[in-house]
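See below for the structure under consideration.
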Amino acid sequence: MIGIMLENHQYYNETADIVRLYLGKQEIKQLEKALAESQSFFQGDNVLITSRLEVTDKSCICISRYQDAEKYEEETLEITVDTPDKKALKRTVKKSMYKLLSRVFKKEFPWGILTGIRPVKIVHELMDNKFSASAIHNILTEEYLISSDRAELAREIAEIERPFVYPLADKEISIYIGIPFCPSRCHYCSFTSNSIVAYKEYVEPYLKSLMEEISRVAEYLNNEGYKVQTIYIGGGTPTALSAEQLEQLIKCINRSFGRQFSEFTCEAGRPDSITKEKLRVLYENGVDRISINPQTMNDETLKCIGRAHNSAQIEESYSMARAEGFDNINMDLILGLPGENMEQLSHTLKAIGDMNPESVTVHTMAIKRASLYNENFNNLRIGDDENISQMMEYSKQYLRQLGMRPYYLYRQKHMLQNLENIGFSKKGFECIYNMLIMEEKQTIVAFGADAVTKIVINRENRIERQHNIKDIKLYIENIEEMISDKLDILEELRKTY
């Protein structure tokens with residue numbers, strides 16, 4: 001067990017976040033001083049982490065300690081500030097703990113003390129406050145202990161994003177529509193996804209409720225003069241629906257919001273769910289960007305991760321999409337899948353390069369609590385940290401050579417080597433929705449089971465959320481309540497103008 005004892009502060013979550021970087025899935029508990037200082041605590045493999053904060057008018061000192069049955073290490077960090085605010089105090093606690101544990105375990109992470117999912121937001125805030133490129137780099141590397149290459153990557157992505165994110169427009173929004181069905185469940189997946197075979201009886205009632213939610217909320221948005229910039233249909237796997245069901249849904253969307261969108265994306269992520277009929281429905285009804293997601297082009301790995309298709313089907317689905325007229329196709333891959341190394345990754349990147357998509361999203365494997373892999377983590381043949389880092393560097397270099405550049409980035413908890421997910425695209429094929437959802441400068445109205453609407457009030461630097469019910473059956477039964485909740489929160493947004 002890992003015991004954490006705090007002295008003179010209550011920043012447990014910040015302390016625990018850094019501890020988890022180094023000690024992973026081990027049990028962590030906050031301890032009272034009496035238990036932490038008892039000799040019996042150090043029997044066995046227990047570890048005591050102590051964080052003490054001393055604050056004066058002009059400075060704060062954080063003393064971090066690591067102790068187990070055989071080792072004792074201590075780190076003292078002092079910062080001088082005119083008025084120590086909560087953010088500065090939290091950052092000091094994290095920096096002190098990170099410096100301590102990096103020395104104990106002789107290991108540093110590329111994103112330093114950052115554990116949040118949106119590191120590029122920090123760069124945008126600094127740019128908003130007119131910091132120079134060199135000043136931003138120094139703040140990222142010195143205040144957040146981010147590696148120099150990741151600091152430069154974050155700044156590069158922010159520069160690319162800004163023309164798409166700014167200027168801010170109060171009445172411009174984006175739409176997310178969730179389809180929580182898949183042909184089968186991938187072993188790494190933690191999203192809301194249900195077998196479309198097992199849940200067959202719920203598909204039509206779900207679509208009926210979903211379209212009711214879309215139509216009713218759209219009426220309000222249209223009356224208030226909102227303009228929809230982008231639409232994103234995700235999942236699950238939207239193309240798990242039949243061609244007829246897809247057409248019914250997309251016509252409802254177009255009828256509700258019109259067809260003048262800057263971008264209309266539909267995930268067609270599983271090649272085993274794609275047909276010519278479905279692709280034609282998407283194309284003829286205004287969808288101009290799709291995502292066909294191989295994750296890997298190695299057939300043995302595809303079987304291992306629970307994908308019910310092979311690499312030949314991926315290439316066939318891609319060719320069909322091109323034949324139907326799609327000229328903006330994204331492909332996803334995952335680094336660190338069980339059993340894969342640089343040889344398998346090289347094969348996947350070459351195969352994707354030969355197909356020549358407009359964008360590629362590189363994901364780092366994350367062992368999420370709701371995934372099947374979480375239950376069998378200790379038995380998985382996952383590459384070591386150094387191997388995963390090399391995979392990411394190789395992928396970045398390869399995709400840049402294909403003429404792509406990184407245009408958005410996000411991170412997740414439990415990612416291998418605490419790395420990142422990066423979207424690459426050819427210039428002019430950046431996914432606008434992806435940038436908007438990451439930087440949280442635009443309201444996203446979300447429809448469907450487990451969808452989360454984010455109301456962004458920029459003038460107050462505030463975000464309000466409305467969560468739809470996750471369970472499909474309960475979503476159907478309670479659709480009126482969710483429509484009412486969504487209209488209520490949108491009315492709150494209207495009052496801020």
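The values are calculated or read from the model by the stated rules, or taken from the named source; none is laboratory data. All values reported here derive from a predicted model rather than from experimental measurement. No Cβ is skipped: glycine too gets one built from the backbone with ideal geometry, and neighbour counts run over all protein chains shown. Calculation scope for accessible area: heavy atoms of the full protein, side chains included, ligands and nucleic acids excluded. Shrake-Rupley method; radii C 1.70, N 1.55, O 1.52, S 1.80 Å.
Over the chain, with the other protein chains present, what is the accessible area per residue in square angstrom, probe 1.4 angstrom? Working shown, then result.
Values: 21930 Å² over 497 residues.
The answer is 44 Å² per residue.
Tabulate in residue order the Karplus-calculated ³J(HN,Hα) for region 470-486, using 6.51 cos²θ - 1.76 cosθ + 1.60 with θ = phi - 60°, rounded to whole Hz; enter x for Gly and Pro.
Per residue, the Karplus-derived 3J(HN,Hα) values read 7, 5, 4, 4, 5, 4, 4, 6, 10, 4, 4, 5, 5, 4, 4, 4, 5 Hz.
I'd like the trypsin sites (Lys or Arg not before Pro) in region 7-50 restricted to DSSP loop residues with at most 12 other Cβ atoms within 10 Å, sorted by number. Can you show the working numbers first?
Numbers: sites: 20, 25, 29, 33; in loops: 25.
Passing both the DSSP loop test and the Cβ count: 25.
Here are a few candidate values for P(r) over Cα pairs in 10 Å bins from 0, in percent: [x] 4, 19, 30, 26, 14, 5, 1, 0; [y] 4, 16, 21, 18, 12, 10, 10, 7, 2, 0; [z] 4, 17, 26, 26, 18, 7, 1, 0. Which one was actually calculated from the structure I just gave you?
Here P(r) over Cα pairs in 10 Å bins from 0, in percent agrees with entry [z].
Please report the antiparallel percentage of the DSSP beta bridges confined to the chain, to the nearest 5.
Details: 34 of 74 bridges.
The antiparallel fraction comes to roughly 45 percent.
Quick one: which residues, 5+ away or cross-chain, put their amide H under 5 Å from the amide H of residue 181? H built at 1.01 Å from N.
Answer set, sorted by chain and number: 194, 237.
If R₀ is 22 angstrom, what is the calculated FRET efficiency for the pair residue 105 and residue 8, using the beta carbon separation as r and rounding to 0.05?
Numbers: r = 26 Å, r/R0 = 1.17.
After rounding, the FRET efficiency stands at 0.30.
Which angle between 0 and 90 degrees, to the nearest 10, do you get for helix 12-23 versus the longest principal axis of the chain when only C-alpha atoms count?
It is inclined by approximately 90 degrees.
Quick one: pull the percent of accessible area on the chain belonging to carbon and sulfur, 1.4 Å probe, ligands and nucleic acids left out.
Values: 9950 of 21930 Å².
Answer for the chain: carbon and sulfur cover 45 percent of the accessible area.
Through the Karplus equation 6.51 cos²θ - 1.76 cosθ + 1.60, θ set to phi - 60°, convert the phi angles of region 151-164 into ³J(HN,Hα) values in whole Hz; use x for Gly and Pro.
4, 5, 4, 4, 5, 4, 5, 4, 4, 5, 6, 4, x, 8
Between residue 284 and residue 471, what FRET efficiency comes out of the Förster formula 1/(1 + (r/R0)^6) with R0 = 22 Å and r the beta carbon distance, rounded to 0.05? Walk me through the numbers before you get to the answer.
Values: r = 34 Å, r/R0 = 1.53.
With R0 = 22 Å, the Cβ-Cβ based efficiency is 0.05.
So what are the three principal axis dimensions of region 87-177 from its Cα atoms, in whole Å, longest to shortest?
The Cα atoms of region 87-177 stretch 51, 34, 24 Å along their principal axes.
Using θ = phi - 60° and the Karplus curve 6.51 cos²θ - 1.76 cosθ + 1.60, what whole-Hz ³J(HN,Hα) does each residue of region 175-180 get, with Gly and Pro shown as x?
Ordered by residue, 3J(HN,Hα) equals 10, 10, 10, x, 10, x Hz.
Taking amide hydrogens as modeled 1.01 Å from N in the peptide plane, which residues meet the under 5 Å criterion relative to residue 172, leaving out close sequence neighbours?
Hits under the 5 Å cutoff: 227.
Can you tell me the relative contact order of region 404-467? Whole percent, Cα pairs under 8 Å, sequence separation 6 or more.
Numbers: 79 pairs, mean separation 13.9, N = 64.
The value is 22 percent.
Which whole-angstrom value gives the distance between the alpha carbon centres of region 22-54 and region 196-214?
Going from one Cα centre to the other spans 49 Å.
Any idea what the dipole of the chain comes to, in debye rounded to 20, about its Cα centre with Lys/Arg Cβ at +1 and Asp/Glu Cβ at -1? Display every interim value, and only then the final one.
Working: 62 positive and 74 negative charges, 61 e Å.
In debye, rounded to 20, the chain gives about 300.
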